[in-house]
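All of the numbers you see were taken from the coordinates with simple rules; none came from a lab. In this text the structure is predicted, and so the values were computed from the model without any measurement. Reconstructed Cβ throughout: ideal geometry from the backbone, glycine too, with neighbour counts over all protein chains shown.
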Amino acid sequence: MTTSEKSFDAEALRARVADVLAAHDPATTDRLAFLRARFDAGLAWVHFPVGLGGLDAPRELQSVVDAEFAAAGAPDNNPRRIGIGLGMAAPTILKFGSEELKQRLLRPLWTGEEVWCQLFSEPGAGSDLAALATRAVRDEDGWIVNGQKVWTSSAHTAQWAILVTRTDPDVPKHRGMTYFVLDMTQPGVEVRPLRQITGEAEFNEVFLTDARIPDAQRLGEVGAGWQVAQTTLMNERVAIGGNAQPREGGMVGKVAETWRDRPELRTPELRDRLVKLWAEAEAFRLAGSRLRQQLAVGQPGPEGSGMKLAFATVAQQLAALELEILDEDALRYDEWSMRRPELVDFTGRDAGYRYLRSKGNSIEGGTSEVLRNIIAERVLGLPSEPRTDKDVAWKDLPR
Amino acid sequence: MTTADLLYSDVETDLRASVRDLLNDRCEPASLLARVESDEPYDLELWHTLARELGAAGLAVPEELGGQGASTREVALVLEELGRSVAPVPFLGSAVLATSALLACDTASAEVADLVRKLASGTSTGALAVPLSTMADAEFPTAVTAAADGTLSGTVRSVADGAAADVFVVPATGPDGPGLYAVEATAAEVSAPVSFDLTRPIADVTFGGAAATRLAGSDRAPGAVTGALSTGAGLLASEQLGLAQWCLDETVEYLKGRYQFGRPVGSFQALKHRLADLWLELVGARAAARYAADTLARGDADAPVAVAMAQSYCAETAVHAAEECIQLHGGIGMTWEHPAHLYLKRAKASQVAFGAPGRHRAALGDLVDLPG
């Protein structure tokens with residue numbers, strides 16, 4: 001047992017929370033001032049190091065802290081608004097950033113003062129992220145970046161981005177990448193909304209034209225961008241499908257509500273399909289509970305690889321069924337006008353929106369096909385497809 | 001329902017290892033195939049080892065009635081392993097159905113307690129005299145009637161494990177209404193129709209004025225039958241899970257070693273993706289089956305939901321797994337010599353056991369306020 005585990009049990013953390021609340025009454029303290037005080041007390045993310053918003057305490061104790069602050073009516077950092085910063089940028093900066101970068105970036109990231117986005121995917125690099133083409137070239141005191149990124153949530157509100165670039169086209173693709181932190185507010189960065197099939201634009205395209213990055217904002221070694229990106233992506237998949245849900249949480253609850261509200265639309269065939277999907281949603285909700293129980297006793301199972309795949313499949317079928325249940329009402333849509341939602345809500349708006357938005361669930365954050373490959377190869381141990389690109393210089397790949 | 005323990009405890013894991021060792025040793029595919037066409041479709045020696053030496057027959061029976069004092073969680077675990085081996089032992093009929101029905105009778109009565117002890121110790125094998133396809137919400141069976149003198153008459157078709165039974169637990173309607181009776185197998189006429197499931201054959205049982213012992217009257221008999229069938233449905237999900245797991249494991253291994261077009265066929269995405277989907281289905285099935293076993297063990301109010309969900313889901317998973325096993329094995333999967341067909345036959349027969357999935361979904365819809 002480490003010193004930190006000894007010193008921080010749940011009781012010690014509760015006492016620490018009480019100290020913060022006593023010194024900064026949430027009712028009278030400015031929201032941002034309160035969040036900064038919470039960060040400085042090490043209660044932002046307790047598993048982070050001392051001085052960077054944490055206490056080196058066990059990660060599972062975070063829920064104790066969150067519950068205490070919530071019970072006291074304290075403001076939170078609106079985690080859904082800054083999910084990419086919290087879930088993806090922060091763990092990567094923590095692991096690969098210099099001390100100076102950590103000190104500069106993590107506090108405003110956590111409080112939400114500075115919003116983060118992720119510049120990974122490109123028009124020519126989706127599932128095959130390692131094929132990316134955005135070039136970073138050495139300048140005397142840093143790097144000059146040119147290229148195009150796509151599917152970027154929050155780019156229009158972000159101050160900072162995590163960015164993966166091609167720095168050496170002459171070596172095989174996985175070896176020629178470098179990872180940076182990019183200032184999004186500079187002139188070389190142009191953000192354009194990317195309109196989706198729902199009519200709205202959650203995402204953006206980001207065009208980088210002679211954008212500049214000081215070398216001090218590089219994360220990891222030159223050429224080690226792929227390894228650094230793996231840290232980011234692993235944290236992304238931990239975040240998806242990892243949360244506890246009540247029964248009928250999410251999409252299944254919406255469709256069940258429609259079913260209960262509209263008895264005149266019921267048919268035996270629709271009912272059988274609905275109950276079948278209800279059971280599937282419930283089975284995978286329980287599988288999520290099972291996964292968390294395994295983690296709690298230190299026996300992580302491979303189930304995690306499948307949770308996002310199951311979520312996407314079930315959500316899509318439920319959303320599709322709801323439109324069939326709605327019959328004539330399925331012929332209408334709330335509105336197609338181009339909007340810029342600040343939060344992504346898979347089950348928000350009307351049934352038509354839910355159906356269309358759910359189509360993205362099997363594409364974003366790893367397509368269902370890539371996830372099936374991962375399950376087949378890493379869980380079941382089946383051989384990979386023969387690869388023709390592993391030992392070819394990036395510049396010589398067919399594209 | 002937030003307190004459900006969905007894991008396998010250390011004790012359960014040890015139990016699994018013991019049962020698996022026994023089955024690996026004594027129930028390998030070649031001897032299983034030879035047995036199914038013999039005069040002895042049941043492996044009674046294996047059954048006696050399992051029931052008597054490992055104590056599996058009395059797992060969920062209280063210690064004061066001669067059992068192990070464990071719960072449906074452990075019974076479910078044994079069923080997982082039996083499903084994995086499609087073992088030809090009358091565990092479902094005796095240790096699950098007949099025993100559950102008896103435990104719902106008045107165990108303070110000497111007749112009931114005596115019979116429970118015999119089944120729990122494995123010295124006697126029981127079967128519940130209802131068609132295997134009976135769903136828990138069905139009307140009380142009327143196939144057998146009890147005369148005023150206490151003898152039973154009538155025929156029950158498709159009784160699971162009936163051919164291995166020493167004693168039948170028989171729901172019958174008499175002058176006083178529904179009752180539950182015990183009839184020695186020697187007092188009944190047991191015939192073996194050709195069974196679709198080769199490793200859990202059914203029997204047709206005829207009682208022609210058979211001498212019977214009354215175990216419960218109209219106050220307890222209907223609940224005992226319903227409870228046994230509901231427990232059977234909920235725990236069969238674990239057998240279906242174990243069966244599906246064998247099919248998946250076997251298929252994965254085969255596809256790693258089978259070469260066509262100069263590479264292992266398991267490297268083709270078209271096949272890998274099907275197996276990944278099947279694996280995922282098993283993740284859901286395991287959660288559902290564990291939830292059913294746990295809620296039944298605790299007498300949780302959510303148990304009826306858990307049973308309907310687990311049986312509808314796991315029945316389909318088992319059939320899907322067995323069908324994929326045949327298809328992805330290609331020609332060898334279609335042969336009699338490969339054991340895959342034993343799993344398909346068990347899976348398909350089990351799908352209609354205790355009510356086909358659509359009927360469980362209808363019940364589930366009623367339970368969770370999704371009315372028809």
- Message: Using Cβ contacts closer than 10 Å as the measure, can you line up B:F168, B:F268 from fewest to most?
- Response: B:F268, B:F168
- Residue order, fewest to most beta carbons within 10 Å, for A:D25, B:D161: A:D25, B:D161
- Message: Need one word for segment A:91-243: rounded, prolate or oblate. Basis is the Cα gyration tensor (sqrt eigenvalues a ≥ b ≥ c); a/c below 1.5 gives rounded, then a/b vs b/c decides.
- Response: rounded
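Would you work out the relative contact order for segment A:10-76, in percent, from Cα pairs under 8 angstrom that are 6 or more residues apart?
Values: 82 pairs, mean separation 20.9, N = 67.
About 31 percent, as a whole number.
So how strong a dipole does segment B:44-92 carry about its Cα centre when Lys and Arg Cβ are +1 and Asp and Glu Cβ are -1, to the nearest 20 debye?
Values: 3 positive and 7 negative charges, 26 e Å.
So the dipole magnitude of segment B:44-92 works out to roughly 120 debye.
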- Can you run phi through the Karplus equation (6.51, -1.76, 1.60; θ = phi - 60°) for segment A:59-69 and list ³J(HN,Hα) in whole Hz, with x for Gly and Pro? 4, 5, 7, 4, 5, 5, 5, 4, 5, 5, 5
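Semi-axes of the equivalent ellipsoid for the protein assembly as shown, please: Cα gyration tensor eigenvalues, times 5, square-rooted, ordered largest first, whole Å.
57, 29, 25
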- For A:R339, the residues 5 or more places away or on another chain with a placed amide H closer than 5 Å to its own amide H are A:E200, A:A201
- Between the Cα axis of helix B:110-121 and the main Cα principal axis of chain B, the angle (0 to 90°, nearest 10) is 20
- Query: Can you pull out the cysteines in chain B that have no other Cys Cβ under 4.7 Å?
  - Reply: B:C27, B:C105, B:C314
- Once you've got the Cα coordinates, tell me which of A:K308/A:K395; B:K256/B:K348; A:K276/B:K256; A:K102/A:K390; A:K390/B:K256; A:K173/A:K308 are over 25 Å apart. A:K308/A:K395; B:K256/B:K348; A:K276/B:K256; A:K102/A:K390; A:K173/A:K308
- Message: From the phi angles alone, apply the Karplus equation (6.51, -1.76, 1.60; θ = phi - 60°) to segment A:385-395 and give each ³J(HN,Hα) in whole Hz, x where the residue is Gly or Pro.
- Response: 4, x, 10, 10, 10, 5, 10, 9, 4, 3, 5
- Could you run the Debye sum over the Cα atoms of chain B, one equal point scatterer each and no solvent, and tell me log10 of I(q)/I(0) at q = 0.07, 0.09 Å⁻¹, two decimals? -0.29, -0.48
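To make sure I understand, if each residue's beta carbon is the centre and we count other beta carbons within 10 Å, what order do B:C105, B:C325 fall in, fewest to most? Could the numbers behind the result be given before it?
Working: B:C105 24, B:C325 27.
Least crowded to most crowded, the residues run B:C105, B:C325.
Given contacts defined as C-alpha pairs under 8 Å and at least six residues apart, what's the relative contact order of chain A, whole-number percent?
Worked out over chain A, it gives 13 percent.
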- Amide H neighbours of A:T29 at under 5 Å, excluding residues fewer than 5 places away on the same chain, with H built from the backbone geometry, are none
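Per-residue Cβ counts within 10 Å, from other chains only, averaged over B:282-293: what number is that?
Values: counts 3, 18, 14, 2, 6, 11, 7, 2, 5, 7, 0, 0.
Going residue by residue through B:282-293 and averaging, the value is 6.
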- FRET efficiency for B:V194 and A:A22 from the Cβ-Cβ distance with R0 = 60 Å, rounded to 0.05, comes out at 0.15
- Specify whether the C-alpha gyration tensor of segment A:241-364 places it in the rounded, prolate or oblate class, a ≥ b ≥ c being the square roots of the eigenvalues: rounded for a/c under 1.5, otherwise prolate if a/b is larger than b/c and oblate if not. oblate
- Query: Simple spin-label model, 7 Å along Cα-to-Cβ: A:D391 to B:Y259 in nm?
  - Reply: 1.9
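Express the relative contact order of segment B:127-220 as a whole percentage, based on alpha carbon pairs under 8 Å and six or more residues apart in sequence.
On the way: 224 pairs, mean separation 30.3, N = 94.
Worked out over segment B:127-220, it gives 32 percent.
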- Query: Under the Karplus relation 6.51 cos²θ - 1.76 cosθ + 1.60, θ = phi - 60°, what is the ordered set of whole-Hz ³J(HN,Hα) values for segment B:5-12, x standing for Gly and Pro?
  - Reply: 9, 9, 8, 9, 6, 4, 4, 5
- Relative to the Cα centre, what is the charge dipole magnitude of segment B:127-220, using +1 at the beta carbon of each Lys and Arg, -1 at the beta carbon of each Asp and Glu, and rounding to the nearest 20 debye? 40
- Query: Could you give the distance between the Cα centres of segment A:299-332 and segment B:139-215, to the whole Å?
  - Reply: 46
- Query: Spin-label point model (7 Å from Cα, Cβ direction): what's the A:D334 to A:D261 distance in nm?
  - Reply: 1.1
